[in-house]
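Since the structure comes first, as structure tokens, the remarks are kept for the end.
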Amino acid sequence: MATTLELPGEEFILPGTRTCAGCGLSIAYRYILKALGPKTIVTLPACCLTILHGIYPKTPIAVNAVNNTFASTAASATGLVAGLRARGKNDITIVGMAGDGGTFDMGIQALSGAAERQTDFIYICYDNEAYMNTGVQRSSATPLGAYTTTTPVLTKQQPKKNFLKIMEAHNLSYMATTCSSYPGDLYEKFLKAKNKSGTRFMHVASPCPAGWGYPASDTVRIGRLAVESGVVVLYEVENGELRLTGKSLSIARSGRKKPVDEYLKAQGRFSKMPPELVAEFQKEVDRNWEDILNRAKL
Amino acid sequence: MSETKIITGNETAALAAKLCKVQVIAAYPITPQSKIPETLSSYVESGQLDAEFVRVESEHSAMGVCISASIAGARVFTATSANGLAYMNEQLHWAAGARVPIVMAVANRGLGAPWTILNDMQDTLSQRDTGWMQLYCRNNQEIMDKVILAFKLAERVLVPTMVCFDGFRLSHTVMPVKVPSQKDVDEFLPPFEPVYELDPEKPVNINPVVMTDPLPGPDGELCPSYMGFRRRLQETLEHVLPIYREIGKEFAERFGRDYSDPLYRYMADDAEILFVAQGSVASEATAATDILRERGIKAGVIGLNIFRPFPAEDLAEATNGARVITVFEKGISYGYEGVLCSELKAALFSHNGHRPEVLNFIVGLGGKDLNPQDLVMAIEDVLGETKEGRKIRTPQWLGSGV
């Protein structure tokens, strides 16, 4: 796997972004664009990525971007694909990119429709596990036991939606999970996605210091803890075959998966979790981990 | 050279889109417009039309696809009705703000609840304030002609445009339609030339967050604020009617049918009592006028070819001689009165101060049949009432039963 020093030097995020300090999305997006290159059009709804793309008339992003309404990222991507194809332009990578709210919740209809039609584009969900741009409200991607501004007293009582299973049911040409703390894993998966056709779905775990309650300097550490404890599993699915990658593969081989305690304790959003909810969280993570190991035939 | 075909309104709309050589179509089924995407997908699959047809999973996505396909530089067409149009609402505002020249056929249908699949105009009237232009059709020939006109107009001023026609009454009724030759349409409507390209060498951020005050661009020049962008949309629409007339004249010279007047007028010059209506109601009013004239009543009709931008000045001038104006509408702004009635009154107030008796009739909701005889009876009642000096203040519901 490529180290960060070996990745292309060309930058598509120029200085002057407006995201919060320590934003996991910003780190991920930097490497995503390095992999996809300048012949990319990104379409995006109103979300943290909109903030990253800046305020008119300036933008720090050096690829074309088309903003759209919240529920229609995949529809907008479909329109770009259709419009460019109708005009004989076939050398541009179309990307629809939205957060977990714009994907797991409101964007699911358009995404499912576009994926079923096998629309030729890459869909990226950067998952920071709540509506961060509007002030940390609960989404269906919010994990069990997390404090949000709309689960302020009891915390979230339901586990995170298993959206990856829903996307897998669409029989995609390629889908992968990755995390902003592993640029090499992320870069290689996006390079692979770029060179495939049909609908490709990329899930990018993106820690958020403002919403998760940890110091801005800890974003990389939190993402690593998520992977080391199996809360986030790095894998890819091609032709129905699931393959573990990077850190998740080495954890599977070594059997050294951390308990979730360290990951949970490092974040303010989990500070209200009673021990029985922590145990339930651990059980859910273990079940998912076993399920993936079985799928990966490990 | 044109040929005459006996076809439904829906088939007419699809054929018109084909003649306009649309490049991307995204549509979702809803009665009564479903035959439009069915016909277009058949054109595309059989190779008669070289276009991308996207069979979307909702109307919200249909308009989402249309907006971005237009941003990518394609000529784009869609069609919907009623709740489908309502489901698009957010996207309609977005399309107008994004200045994409999409043309959409709307087979007018009533909105639930309770359900109706039949015709009225509540669907498009409710989208009056989205920034779209709206053309209304009296018959199938007008559907053919106004789809072609709509593309020419929309692409000239970069404002999306609805071509509205009565569901079932026109969408499912066969009528003779003169179909222009492809050559004539090609000459009238050359290929769409987008004003910009999404060029990787010159990346842009389209429709981003815009602040309340103008901010300087990289060269130091101030760029529009949110209000600045929105004011430009209004300014464009304020200047559309002369362009509409000019395009209408060009259309008349080439195709022999003249829509350059924003109004349809029938025996309106010397009329003492006027019907004001849109769509097929204007056709019914034309027949009613003939009956009334036979009975010695000087009736006449003003119909609207274009409802947005609103031809207020033309309307005030055209109704100047009438003693009584009756506005027949298949829709209402609940809690007040018919939208066209309110707007007509405002036009008279602003433009010439003429104060005729203006009466509002709500008709034909949810497909309730309306025939010329109903209109004749309503007018005879009105003339009796106004002679007695009794003023009718609230809209009268015609034929609503219990």
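The values are calculated or read from the model by the stated rules, or taken from the named source; none is laboratory data. The model shown is predicted, which means the values in this text are computed figures rather than measured ones. No Cβ is skipped: glycine too gets one built from the backbone with ideal geometry, and neighbour counts run over all protein chains shown.
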- [ ] Search the range A:107-131 for residues being away from chain B (no Cβ under 14 Å) and touching an Asp or Glu at 6+ places or on another chain (Cβ under 9 Å), and hand back the single one that is nearest to A:Cys47 (Cα to Cα).
- [x] A:Tyr131
Task: Filter result (in contact with a strand residue (DSSP E or B) (Cβ under 6 Å, 6 or more places away or on another chain) and surrounded by fewer than 19 Cβ atoms within 10 Å (Cβ to Cβ)) within the range B:332-349 - done: B:Lys345
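One line per residue, one yes/no per condition, for (1) within 27 Å of A:Lys34 (Cα to Cα); (2) aromatic (Phe, Trp, Tyr); (3) in a loop (DSSP other than H, G, I, E, B); (4) at pLDDT below 95:
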| position | (1), (2), (3), (4) |
| --- | --- |
| A:Tyr187 | yes, yes, no, no |
| A:Val204 | yes, no, no, no |
| A:Leu242 | yes, no, no, no |
| A:Ser250 | yes, no, no, no |
| A:Lys258 | no, no, yes, no |
| A:Tyr263 | no, yes, no, no |
TODO: Could you check A:Lys89 against (1) free of Cβ contacts under 8 Å to residues at least 12 places away in the same chain; (2) more than 11 Å from every other protein chain (Cβ to nearest Cβ); (3) not β-branched (Val, Ile, Thr) and say which number it fails?
DONE: (2)
Open item on the list: Looking only at the range A:18-44, filter to residues that are assigned to a loop (DSSP other than H, G, I, E, B) and at the interface with chain B (Cβ under 10 Å from one of its Cβ atoms); which one of those is nearest to A:Thr93 (Cα to Cα)?
Closed with: A:Lys39
Open item on the list: If A:Thr50 meets every condition in (1) within 8 Å of chain B (Cβ to nearest Cβ); (2) among the hydroxyl-bearing types (Ser, Thr, Tyr); (3) more than 17 Å from the chain's Cα centre (by Cα) apart from one, which number is that one?
Closed with: (3)
Open item on the list: When the residues of the range B:37-70 are narrowed to those that are among the polar types (S, T, N, Q) and not in a loop (DSSP other than H, G, I, E, B), which ends up farthest from A:Gln118 (Cα to Cα)?
Closed with: B:Thr39
Task: Which numbered condition B:Ala252 misses (of (1) in contact (Cβ under 8 Å) with a residue 40 or more places away in the chain; (2) of a type in the set (A, V, I, L, M); (3) under 30 Å from B:Ala299 (Cα atoms)) - done: (1)
Open item on the list: Going through B:Gly228, B:Gly220 one at a time, which residue ends up being on the phi > 0 side of the Ramachandran plot and either over 19 Å from the mean Cα position of the chain (by Cα) or within 11 Å of chain A (Cβ to nearest Cβ) (or both)?
Closed with: B:Gly220
Task: Selection from the range B:251-282 of residues that are among the small types (Gly, Ala, Ser), assigned to a helix (DSSP H, G or I) and at pLDDT 95 or above - done: B:Ala252, B:Ala282
- [ ] Filter the range B:203-217 for residues that are at the interface with another protein chain (Cβ under 7 Å from one of its Cβ atoms) and without any contact (Cβ under 8 Å) to a residue 60 or more places away in the chain and give the result.
- [x] B:Pro203, B:Val204, B:Asn205, B:Pro208, B:Val209, B:Val210, B:Met211, B:Leu215, B:Gly217
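Scanning the range B:71-85 for residues that are part of a helix (DSSP H, G or I) and more than 7 Å from every other protein chain (Cβ to nearest Cβ), which turns out surrounded by the most Cβ atoms within 10 Å (Cβ to Cβ)?
B:Ala82
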Task: Selected residue (criterion: nearest to B:Pro224 (Cα to Cα)) from residues of the range A:53-76 that are out of contact with any Lys or Arg (no Cβ under 9 Å at 6 or more places or on another chain) and more than 7 Å from chain B (Cβ to nearest Cβ) - done: A:Phe70
- [ ] Give the number of residues within the range A:252-298 that are within 22 Å of the chain's Cα centre (by Cα) and more than 28 Å from A:Pro209 (Cβ to Cβ).
- [x] 7
TODO: Test each condition in (1) touching a residue at least 12 places away in the same chain (Cβ under 8 Å); (2) out of contact with any Gly (no Cβ under 7 Å at 6 or more places or on another chain) for A:Pro45 and report the one that comes out false.
DONE: (2)
TODO: Quick one: count up the residues across the range B:48-100 that are under 19 Å from B:Ala16 (Cβ atoms) and more than 24 Å from the chain's Cα centre (by Cα).
DONE: 5
Open item on the list: Go through the range B:116-134 and report how many residues are outside any loop (DSSP other than H, G, I, E, B) and aliphatic (A, V, I, L, M).
Closed with: 2
TODO: Kindly list the number of the only condition in (1) farther than 28 Å from B:Gly131 by Cβ; (2) without any contact (Cβ under 8 Å) to a residue 12 or more places away in the chain that fails for B:Asp270.
DONE: (2)
- [ ] Looking at (1) part of a loop (DSSP other than H, G, I, E, B); (2) closer than 22 Å to B:Asn207 by Cα; (3) without any contact (Cβ under 8 Å) to a residue 24 or more places away in the chain, find the lone condition where A:Ala82 falls short.
- [x] (1)
- [ ] Within the range B:231-277, track down each residue that is of a type in the set (Val, Ile, Thr) and assigned by TED's automatic domain parsing to the domain that holds B:Ala318.
- [x] B:Ile273, B:Val276
TODO: Out of B:Leu153, B:Leu125, report the one residue that is assigned by TED's automatic domain parsing to the domain that holds B:Gly84 and either under 22 Å from B:Pro191 (Cα atoms) or modelled with pLDDT under 95 (or both).
DONE: B:Leu153
